[in-house]
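Let me give you the structure first, and then I'll get to my questions.
The values are calculated or read from the model by the stated rules, or taken from the named source; none is laboratory data. The shown structure was predicted, so the numbers you read here are calculated from the model rather than taken from an experiment. Glycine also receives a Cβ, built like all others from the backbone with ideal geometry; neighbour counts cover every protein chain displayed. Ligands, DNA and RNA are excluded from the accessible area calculation, which covers all protein heavy atoms including side chains. Shrake-Rupley method; radii C 1.70, N 1.55, O 1.52, S 1.80 Å.
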Amino acid sequence: MEKAGTHAAGTFFASSQNNHSAPGYYILSGDCMLKLFRATDDKRYAETYKDQSHNVVQYVGAPHNPLRKESGFVTERVQLSDWEGKNMGSVSYEDSNMAWEVLAALTCLENPGIYLHSDDTTYLVMHHIEAQVIKRDKTGVTIRVTNPTAYDAKVSILVETAKQAKGPLPENAFNKWPKVEVKAGMTRALLIRMNERLELI
């Protein structure tokens, strides 16, 4: 895992006795942290939420993943301790668990890649893309999105006002979040209007 450049921030200790850490919540996306952040405006929830979202996909099998290339396989073993003796720091290629596959799928589905308020400076990037606000005015918020990864990305964006953030999100709200496609290595600028309509510019 060290050779693959894996970062353990955002993992969860399954047990304090054996110091075994797992990729995230068991079969849950972690969107509870987004709800806490929206309700309290406590940036600590946002940072924890970001760490979780970034962490999970490191263990998903994909063509450019140095840990494992079997597409869709997800290991639960974030081995940073000696609880398995000689297996410390390794990932078994035969290891995949449906619970962690569900976790990875829900993390990608239920969590916005970019979260921002249209009426203040609240801004959070959960996706592995890079994004920055370059202008705010009465027409909306203009952001620049760069995809430095080896994979094409489809990034969902949750935009709301500070007042809207104090209320609960509708059930399955993620189905209606606008999305922008950013090819591997590309940069796009887009204007997010107050009605959350995206315009490439």
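Return yes when residue 139 is out of contact with any Gly (no Cβ under 6 Å at 6 or more places or on another chain), of a type in the set (Val, Ile, Thr) and either at pLDDT 90 or above or more than 26 Å from residue 32 (Cβ to Cβ) (or both) and no when it is not.
So residue 139 passes the test.
Among the residues of the range 128-149, how many are open to solvent by 60 Å² or more (accessible area, probe 1.4 Å) and touching a residue at least 40 places away in the same chain (Cβ under 8 Å)?
Adding up the residues that qualify gives 4.
Okay, moving on. When you look at residue 11, is it modelled with pLDDT of 80 or more and either open to solvent by less than 70 Å² (accessible area, probe 1.4 Å) or aliphatic (A, V, I, L, M) (or both), yes or no?
yes
Further question on the same structure: Test residue 43 against the stated conditions and say whether it is under 18 Å from residue 160 (Cβ atoms), open to solvent by 50 Å² or more (accessible area, probe 1.4 Å) and within 11 Å of the chain's Cα centre (by Cα).
Spelling it out, it is not the case that residue 43 is under 18 Å from residue 160 (Cβ atoms), open to solvent by 50 Å² or more (accessible area, probe 1.4 Å) and within 11 Å of the chain's Cα centre (by Cα).
Out of all the residues in the range 96-106, which are open to solvent by 40 Å² or more (accessible area, probe 1.4 Å), in contact with a strand residue (DSSP E or B) (Cβ under 8 Å, 6 or more places away or on another chain) and in a helix (DSSP H, G or I)?
101, the sole residue that qualifies.
Which ones in the range 1-43 are outside any helix (DSSP H, G or I) and among the polar types (S, T, N, Q)?
Selection gives 6, 11, 15, 16, 17, 18, 19, 21, 29.
Separate question: Output the number of the condition that residue 179 fails; it satisfies all remaining conditions of (1) within 13 Å of residue 193 (Cα to Cα); (2) within 15 Å of the chain's Cα centre (by Cα).
The failed condition is (1).
Of (1) modelled with pLDDT of 80 or more; (2) surrounded by fewer than 16 Cβ atoms within 10 Å (Cβ to Cβ); (3) out of contact with any Asp or Glu (no Cβ under 8 Å at 6 or more places or on another chain); (4) on the phi < 0 side of the Ramachandran plot, residue 51 satisfies all except one. Which?
The one condition residue 51 does not meet is (2).
Turning to a different aspect of this structure: What pairs come up if the first residue lies in the range 31-48 and is of a type in the set (Ser, Thr, Tyr), the second is open to solvent by 60 Å² or more (accessible area, probe 1.4 Å), and their beta carbons are under 7 Å apart, counting only those six or more places apart or on different chains?
45/36
Then there's this: List, please: which pairs have Cβ atoms under 9 Å, are six or more places apart or on different chains, and start with a residue in the range 169-180 that is in contact (Cβ under 8 Å) with a residue 12 or more places away in the chain and end with one that is open to solvent by 80 Å² or more (accessible area, probe 1.4 Å)?
Between residues of the range 169-180 that are in contact (Cβ under 8 Å) with a residue 12 or more places away in the chain and residues that are open to solvent by 80 Å² or more (accessible area, probe 1.4 Å), the close pairs are 169/35; 174/109; 178/197; 179/154; 180/154; 180/200.
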